[in-house]
Amino acid sequence: MVEGDFIREVEEELRRERLKQLWDRYGTWVLLGALTIIAAVAGHQLWNSWKASQAAEAGARYERALALVADSKINEAEAAFRAIAEEGTAGYRTLARLQLAGLAAREGRRDEAVKLYDEIAEGGADDALRDYARLRAAMLRLGAAPRAEIDARIGPLLEAQNPWRHAAREVAALAAWKAGDTVAARRHLSANLGDPGTPRGLRQRANLLLELIVSAEAKGKRGVKGADARGNGKATANGPMTDAPQNNAPKTE
């Protein structure tokens, strides 16, 4: 045996002896640490599996509730959505509450629907769902609420990157026109026409509403000219105060 081989054997023996000493001293702790890591990984996997099964169950319950709506079994559907809203996973709880609000509106219970939408908007739901709830509440309030309330409800939705900005602009335009502010109504509708992301249906309605505003303004101007002619060309103190009279705006429910 050469000297180099002898030295390597000695070194290996020393390493084994050192490892044995370390194991005798710390082996139990190493095992406990390993078992802890294994238990943590297993627990995490079990938790993920449980969450997946819960989500699948909630999804199946939600689909069954939608089927009840399709079958016009509204009372049963509401009961099913109410149960999901109370017991389901976070995402399906919010979706169920949105369905409950929509059903209330569909059945003519507008105050109840607005209340539900407002609760969702103020709750801990996803941002997009909260904004959708704000939009729906504003739409339901459009026919009865003053313009200031509508503007306050949809103000944040008018931001350039908000996914509901197109529908919010239409609501803002209708509220403005109803209040006699055709300048603001034109601005909101023109913004939809100039936005490449505006859905086709909303773009078509923007064109139609602008045509209606122009027609109403033209009628208003002809009415002023007729009044001037009957009054020998003199405007009266009771002449129209806005470009489009408020009652020319489309009626909203």
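Points to keep in mind about this one:
- Hey, Glu57 part of a helix (DSSP H, G or I) and either hydrophobic (A, V, I, L, M, F, W, C) or modelled with pLDDT of 95 or more (or both) or not: no
- Candidates Ala148, Ala173, filtered to the one that is touching a residue at least 24 places away in the same chain (Cβ under 8 Å) and either polar (S, T, N, Q) or in a helix (DSSP H, G or I) (or both): Ala173
- The residue pairs whose first member lies in segment 91-112 and is without any contact (Cβ under 8 Å) to a residue 12 or more places away in the chain, whose second member is of a type outside the set (Ser, Thr, Tyr), and whose beta carbons are closer than 6 Å, counting only pairs six or more residues apart or on different chains, are Arg93/Ala85; Glu112/Ala104.
- The residue list Ala85, Ala101, Ala105 contains one member that is more than 19 Å from Met139 (Cα to Cα), of a type in the set (A, V, I, L, M) and either over 20 Å from the mean Cα position of the chain (by Cα) or part of a helix (DSSP H, G or I) (or both), which is Ala85.
- Residue match in segment 146-167 (condition: within 26 Å of Gly108 (Cβ to Cβ), of a type in the set (Gly, Ala, Ser), at pLDDT 95 or above and in contact with a His (Cβ under 7 Å, 6 or more places away or on another chain)): no
The values are calculated or read from the model by the stated rules, or taken from the named source; none is laboratory data. The structure presented is a predicted model; accordingly, all values stated were derived computationally and were not measured. Because the Cβ atoms are built from the backbone with ideal geometry, glycine has one as well, and the counts that use them run over all protein chains shown.
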